[in-house]
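S.K.: After the structure tokens below, expect a handful of questions from me.
The values are calculated or read from the model by the stated rules, or taken from the named source; none is laboratory data. Owing to the predicted nature of the structure, the values given are computational and were not obtained by experimental measurement. Because the Cβ atoms are built from the backbone with ideal geometry, glycine has one as well, and the counts that use them run over all protein chains shown.
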Amino acid sequence: MRFVSFLHDGKQRIGCPVGESIVDLSKVDSEFPTDFGLLIAQGPQALSEAYAAAQAASSDAYVAVEDVTYLPLITRPSKIICIGRNYAAHAKEGGVEPPSYPEIFYRGASSLIGHNQPILKPRCSDKLDYEAELVAIIGKRARHVAREDGLDYIAGYSIFNDGTLRDYQRKSSQWTIGKNFDDTGAFGPEFVSADELPEGAKGLRIQSRLNGRIMQDANTSDFIFPMDDLIAKLSECMTLEPGDVIVTGTPAGVGYVRTPAVFMKEGDVCEVEIEGIGILRSPILNEV
């Protein structure tokens, strides 16, 4: 199953992509929610029913991709949990040993943008870096989950570009400020249900490309903390709720470690591609 979140005629919608079109679920049945987070909260059966309805929809429920504005897949998650240094090569390129426990930080919903929407380089910094990341989306309430059951709580996956202000990241021992500038967290475009991908989204190629140049090229099999382990460790601390977003870390090849350093600037286009999920595209603009 695949879903997207978008604006059409100024209204928030969710739908299912079909080629160069999207089936607008609100045109199929007005009882469907128009917020994907609300649909996730209704449980797996609701997802399946919505997807089945989209597959049976008549042509008048279709809207052209070029007529929509993509939104972050989930616009207001209750939690956006980010994992740092989850690829050993990325930890080493930053001059540290791979962690023995996940490095965890949060993003706020106000930092999120959708596919094809601009990542903003803020006025105060020229050190805006890219980070290609796999996203896991929680499908049911999870607390004190055993590792062997961890994957049962993941509804599906998506893509994230964790745009980071490297100078602000280093102003504090905590990374939060460098990870929460407005319009720096690109998220989407598609939700792909877990049953369409390898178990735990393992073995997927992940790339970032800046103006067509490959910057990061790795595989989700290289996780230090795979998905089942992350669910177990996080749920030991907190209750994971339907629609919560886990951003699982970036591989080696980020801009700040290069010689010379490579940072995103106005006019650039950054793409993140994950095998089996799709491409997340972000033009770069200066903050006005």
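S.K.: Does the stretch 225-273 hold any residues that are β-branched (V, I, T), surrounded by fewer than 21 Cβ atoms within 10 Å (Cβ to Cβ) and in contact with a Phe, Trp or Tyr (Cβ under 7 Å, 6 or more places away or on another chain), and which are they?
M.R.: Selection gives nothing.
S.K.: Just one of G94, G185, G163 is small (G, A, S) and farther than 23 Å from K79 by Cβ; which is it?
M.R.: Of the residues listed, the single one that is small (G, A, S) and farther than 23 Å from K79 by Cβ is G94.
S.K.: For the stretch 274-284, give me each residue that is part of a strand (DSSP E or B) and surrounded by fewer than 24 Cβ atoms within 10 Å (Cβ to Cβ).
M.R.: G278, I279, R281, P283, I284
S.K.: Do the conditions hold for A194, that is, is it farther than 30 Å from C16 by Cβ, at pLDDT 95 or above and small (G, A, S)?
M.R.: So A194 does not fit the description; no.
S.K.: Here's something else I'd like to know. I'd like the full set of residues that are over 21 Å from N161 (Cβ atoms) and either crowded, with 17+ Cβ neighbours inside 10 Å or modelled with pLDDT of 95 or more (or both), limited to the stretch 61-98.
M.R.: Correct list: A61, Y62, V63, A64, E66, D67, S78.
S.K.: May I ask you to list the residues in the stretch 90-102 that are part of a helix (DSSP H, G or I) and touching a helix residue (DSSP H, G or I) at 6+ places or on another chain (Cβ under 7 Å)?
M.R.: Matches in the stretch 90-102: E93 only.
S.K.: Next question, about the same structure. Return the only residue of H115, H144 being modelled with pLDDT of 95 or more and surrounded by fewer than 19 Cβ atoms within 10 Å (Cβ to Cβ).
M.R.: Result of the check over H115, H144: H144.
S.K.: Return the only residue of E190, E148, E196 being touching a strand residue (DSSP E or B) at 6+ places or on another chain (Cβ under 6 Å) and acidic (D, E).
M.R.: Criteria check complete, one pass: E190.
S.K.: Return yes when L285 is aliphatic (A, V, I, L, M), within 26 Å of G19 (Cα to Cα) and in contact (Cβ under 8 Å) with a residue 40 or more places away in the chain and no when it is not.
M.R.: no
S.K.: Note down all Cβ pairs under 8 Å where the first residue falls in the stretch 227-252 and is among the acidic types (D, E), the second is surrounded by 24 or more Cβ atoms within 10 Å (Cβ to Cβ) and not in a loop (DSSP other than H, G, I, E, B), and they're at least six residues apart or on different chains.
M.R.: Pairs found: E241/I138; D244/I80; D244/I137; D244/I138.
S.K.: For D229, all conditions in the list (1) within 18 Å of the chain's Cα centre (by Cα); (2) farther than 25 Å from F36 by Cα hold save one; what is the number of the exception?
M.R.: Condition not satisfied by D229: (1).
S.K.: Hey, another quick one. Would you pick out the residues in the stretch 124-141 that are surrounded by fewer than 20 Cβ atoms within 10 Å (Cβ to Cβ) and closer than 24 Å to A46 by Cα?
M.R.: K140, R141
S.K.: Can you pull out every residue in the stretch 152-166 that is under 23 Å from E271 (Cα atoms) and either assigned to a helix (DSSP H, G or I) or free of Cβ contacts under 8 Å to residues at least 12 places away in the same chain (or both)?
M.R.: Within the stretch 152-166, R166 is the sole residue that qualifies.
S.K.: Quick one: is K121 of a type in the set (K, R), buried (at least 24 other Cβ atoms within 10 Å of the Cβ) and in the same structural domain as G267 (by TED's automatic domain parsing)?
M.R.: yes
S.K.: Same structure, new question: Specify the residue that is farthest from P283 (Cα to Cα); the eligible residues are those in the stretch 167-197 that are free of Cβ contacts under 8 Å to residues at least 60 places away in the same chain and assigned to a loop (DSSP other than H, G, I, E, B).
M.R.: My answer is S173.
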